[in-house]
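Notes follow once the structure below has been shown.
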């Protein structure tokens with residue numbers, strides 16, 4: 001499917017309709033779902049595993065798990081919420097696996113910027129990401145979903161099975177912890193960037209696995 005067609009579908013087809021069409025046999029449209037949620041789910045995984053390589057592995061496993069379970073999605077929550085919950089499980093599993101094989105070593109790896117990211121001040125972004133990585137787990141994930149990804153308090157509460165008040169408290173405490181490390185003008189929305197070639201590579205990798213799966 002061409003990029004132009006994928007972009008058109010992203011604008012015109014709802015998540016629920018997209019899933020229905022994939023289940024009906026239009027498997028290639030799963031690529032639209034992957035591209036649609038790459039950035040958000042990468043940030044979720046990255047907030048848990050705190051390094052890019054493990055986050056990308058967890059992201060791919062998230063999509064493969066979602067594809068396998070697509071027929072079980074009952075629409076009781078948003079597709080985005082359902083995917084976030086899968087991403088959290090996969091990222092936690094990846095983190096545990098990494099700790100088992102490498103010990104409790106948390107690395108901060110920043111990928112080389114793609115051409116479209118060249119205007120960013122990568123040093124400032126690294127500072128933001130390093131500060132976020134130092135937050136305790138409970139605060140980091142809430143902070144990333146609310147302040148970095150821009151999800152609403154209600155959406156975060158639903159995705160993490162927390163009360164809205166708990167989300168607000170964790171967000172507030174997380175921000176307080178960052179104040180001593182970040183200058184006021186730094187925009188956290190640039191953190192954990194996942195776009196351009198990295199996004200495209202994830203789409204291709206997932207779809208190769210999906211389309212070549214045993215029947």
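The values are calculated or read from the model by the stated rules, or taken from the named source; none is laboratory data. All values reported here derive from a predicted model rather than from experimental measurement. So basically every Cβ, Gly included, is an ideal-geometry build from the backbone, and we count neighbours across all protein chains shown.
Yes/no per residue for (1) part of a loop (DSSP other than H, G, I, E, B); (2) under 18 Å from the mean Cα position of the chain (by Cα); (3) at pLDDT 90 or above:
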{"position": "112", "(1), (2), (3)": "yes, no, no"}
{"position": "155", "(1), (2), (3)": "no, yes, yes"}
{"position": "158", "(1), (2), (3)": "no, yes, yes"}
{"position": "162", "(1), (2), (3)": "yes, no, yes"}
{"position": "173", "(1), (2), (3)": "no, no, yes"}
{"position": "177", "(1), (2), (3)": "no, no, no"}
{"position": "181", "(1), (2), (3)": "yes, no, no"}
{"position": "206", "(1), (2), (3)": "no, yes, no"}
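Report, by residue number, each residue of the range 25-47 that is under 10 Å from the mean Cα position of the chain (by Cα) and either over 24 Å from residue 130 (Cα atoms) or touching a residue at least 60 places away in the same chain (Cβ under 8 Å) (or both). Once the filter is applied, which keeps residues that are under 10 Å from the mean Cα position of the chain (by Cα) and either over 24 Å from residue 130 (Cα atoms) or touching a residue at least 60 places away in the same chain (Cβ under 8 Å) (or both), the range 25-47 yields 38, 39, 40, 42, 43, 44, 46, 47.
Taken as a whole, the condition of being at pLDDT below 85, surrounded by 14 or more Cβ atoms within 10 Å (Cβ to Cβ) and not assigned by TED's automatic domain parsing to the domain that holds residue 56 applies to residue 188. If only residues of the range 5-22 that are over 30 Å from residue 141 (Cβ atoms) and at pLDDT 90 or above are counted, the one that is surrounded by the fewest Cβ atoms within 10 Å (Cβ to Cβ) is 20.
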